[in-house]
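Here is the structure we will look at, set down as C-alpha cells.
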Amino acid sequence: MSTRPGAGGHDTFSEDAAAYVLGALADDEHGRFAAHLQGCAACREEVARLQVVVDALPLAAPQLGAPPELKRRIMGAVAGQATGQAPGDAAPREPAAASRHAGSRAPRRSGWRSPRRWALGGVGALAAVAAALALVSLATSGGGAGPRVVRAQVLARGASASLRINGGRAELVLDGMPQVPPRRTYQVWVQRRGAPQPTDALFSVSSSGGATVAVPGNIAGVSAVLVTAEPLGGSRTPTSSPVIVARL
Amino acid sequence: MFKSVRPTGGGSASEPLGALADEELMQLVYRGAAHAFEVIYDRHAEAAFSLALRICGQGALAEDVTQEAFLSLWRSRARYDRGRGSVRSWVLGIVHNRAIDAVRRRGVRDRGAVRDEDVEAQLPAPERTDLEVARREEAREVRDALEQLPQEQSRVIELAYFGGLTHVEIASVLDTPVGTVKGRMRLGLAKMRSTLAHPAEAMR
C-alpha cells in the first residue's frame, strides 16, 4: 500500500480515472481506486464522464462482418441450452472456445497466484476496510444433511453475508453490500482443493445492497464459497481479491 | 457515441422482433427466447467480431472470443441490468474482456499492434440496413475522434484498450514516465469526449 503523504485522499487518485476506465491499472491499484470511488463524488463523476468514451471505443476498430458460420455455431449452442431453462440456472460449462484454452490460461495482471490471497486479511490495499471485518463463527442449525447457515466473512463495513445450505444446494444471502464498481459484476467462486473454480453466478446487488444468489452445482466437497468483483461477463481466474469468504 | 437507433427492418432474424429495441428484446431473452437472442446477435455481432479481431489480430482467435462472449452473455442473461448501460455496451464490454484475456493467454506478442491496413485487407461487410448505415457512421465518428488526437495520446489509449497493457507496461514500452502516460490517457479521453459530444450527446 502506498505510503505517500495523502495516500487515500483525492489527490492521490486524481490522475487515475482515465487509466481505470481503460482497464489499465494493475489489480492492486484498481482495487484501491475502486475503494476510493465509493467515497469520492468527484472521481465518480470523472469516471462516468470518461466511461462514455471508452464505451464508444470498440467502434474505433475497423468494422468487419462476422463470418456466417460463427452465427450458426453460436445459435446452435444457444438452442441446445434454451429448452425451458430458468435464467440463472447452472448452464453447461463453457463449450468450444473456452474449454480449448482453459488449460493454458495465464493469470491476469497480478495476483491470485498464491492461495493465501484468499484470506481476506491479506488484502493489503483494503486494509482499512478489513479492520471492520466481521469474522463470525460457524452457526449451525441442524446437523448432517439438514439445513444450516454459515456466516461469511465480509470485507465491507456494515455488510453481512451468510450461506444457507440445504441438501447439496447452497445460496448466498447478502445485505448491505456496496454496489459493484462500474463495468464490474460480482462473481461467485467455489473452492474444493487448490485454486478456486469460477461459477456462472454473476450478480449485482439491490440499492440496499441485498441479493440472494444460488451457488451453482452441488456443494459437496466444497471448502469455501467466495465472491469477487470481476469484469462484466465474469472471469475464469479471479482478477481481484475476494469481498466475501464463506468457509465450510 | 451510441445513439438510440431503432431498426427499420431487414437483416434481422424475425421481422416483428426486429422492431423491438434491445432493452425490450432482453426481456424476452431473459425468459430464454433464443430467437430474441438471435436478433441481439445480428445487431451486435459485427461490432463484437470487429473488436475481437482488432484486439486479437487473428481471425480464428477472434471467432473463438466472439463465440465465447456471446455464449457467456446467453448464460448470464438474467444479470443484464438496463439501469447500468445499454445492451451494446454490455455486449462489447464482455467481448473486450474476453479478447484481452485471450491474447494474454496466448502470449500474443504483437497485441495492440495490429495495423488497421492489415485488418482492412479483409472484406468489409456490406451495409444492408439503415441500422447498419447508422452504425458505420457512428464508427467513423469514433475513429475520426481517435485519429484526431495527438499521436502520443492516441497511442496510449490504443495500447491500453486494444492492447490490454497496464499504464506501467505502456510506460516501459514507450520509455515514458508513468505519470506522463496517465496524463496522456486523461487528456486523450477528455478530448475524444468533447469531439464525440459535439454533434449530439445521446449516450446513456
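The values are calculated or read from the model by the stated rules, or taken from the named source; none is laboratory data. Everything quoted here is computed from the prediction, not taken from an experiment. Here the Cβ is made from the backbone with ideal geometry for all residues, glycine too, and neighbour counts use every protein chain on show.
Please count how many residues of segment B:166-187 are more than 7 Å from chain A (Cβ to nearest Cβ) and not in a helix (DSSP H, G or I).
The total comes to 3.
So if I check each of A:PRO58, A:PRO95, A:PRO87, which one is modelled with pLDDT of 50 or more and buried (at least 16 other Cβ atoms within 10 Å of the Cβ)? Steps first, please.
On the way: A:PRO95 fails: modelled with pLDDT of 50 or more; A:PRO87 fails: modelled with pLDDT of 50 or more.
The conditions single out A:PRO58.
Across segment A:42-76, what is the total count of residues that are free of Cβ contacts under 8 Å to residues at least 60 places away in the same chain and among the polar types (S, T, N, Q)?
The first filter runs over segment A:42-76 and keeps only residues free of Cβ contacts under 8 Å to residues at least 60 places away in the same chain, leaving A:42-46, A:49-50, A:52-76.
Remaining after also requiring among the polar types (S, T, N, Q): A:63.
Qualifying residue count, segment A:42-76: 1.
Which strands (runs of 3 or more DSSP E) sit wholly inside segment A:194-248 and have at least 1 residues that are away from chain B (no Cβ under 14 Å) and within 20 Å of A:ARG151 (Cα to Cα)?
Numbers: elements: A:197-203, A:211-215, A:224-231, A:244-247.
Because the criterion is at least 1 residues that are away from chain B (no Cβ under 14 Å) and within 20 Å of A:ARG151 (Cα to Cα), the strands (runs of 3 or more DSSP E) in segment A:194-248 that meet it are A:211-215, A:224-231, A:244-247.
Can A:GLN197 be described as without any contact (Cβ under 8 Å) to a residue 24 or more places away in the chain and not hydroxyl-bearing (Ser, Thr, Tyr)? Walk me through how you get there before you give the answer.
On the way: without any contact (Cβ under 8 Å) to a residue 24 or more places away in the chain: yes; not hydroxyl-bearing (Ser, Thr, Tyr): yes.
So A:GLN197 passes the test.
Taking the stated definitions as given, is B:ALA78 facing another protein chain (nearest Cβ under 7 Å), touching a helix residue (DSSP H, G or I) at 6+ places or on another chain (Cβ under 8 Å) and modelled with pLDDT under 75?
So B:ALA78 does not fit the description; no.
Looking at A:VAL173 and the list (1) crowded, with 21+ Cβ neighbours inside 10 Å; (2) part of a strand (DSSP E or B), which single condition is not satisfied?
Looking at each condition in turn, A:VAL173 falls short on (1).
In segment B:45-74, what residues are more than 7 Å from chain A (Cβ to nearest Cβ) and either farther than 16 Å from B:ASN97 by Cα or polar (S, T, N, Q) (or both)?
Those that are more than 7 Å from chain A (Cβ to nearest Cβ) and either farther than 16 Å from B:ASN97 by Cα or polar (S, T, N, Q) (or both): B:GLN58, B:GLY59, B:ALA60.
Being of a type in the set (Val, Ile, Thr) and in contact (Cβ under 8 Å) with a residue 60 or more places away in the chain is the requirement here; does A:THR212 meet it? Walk me through it before giving the result.
Values: of a type in the set (Val, Ile, Thr): yes; in contact (Cβ under 8 Å) with a residue 60 or more places away in the chain: no.
No.
Go through segment A:152-164 and report how many residues are closer than 16 Å to A:VAL213 by Cα and free of Cβ contacts under 8 Å to residues at least 60 places away in the same chain.
3
For the structure I just gave you, tell me whether B:ALA69 is assigned to a helix (DSSP H, G or I) and surrounded by fewer than 21 Cβ atoms within 10 Å (Cβ to Cβ).
Working: assigned to a helix (DSSP H, G or I): yes; surrounded by fewer than 21 Cβ atoms within 10 Å (Cβ to Cβ): no.
When the stated conditions are applied, B:ALA69 does not pass them.
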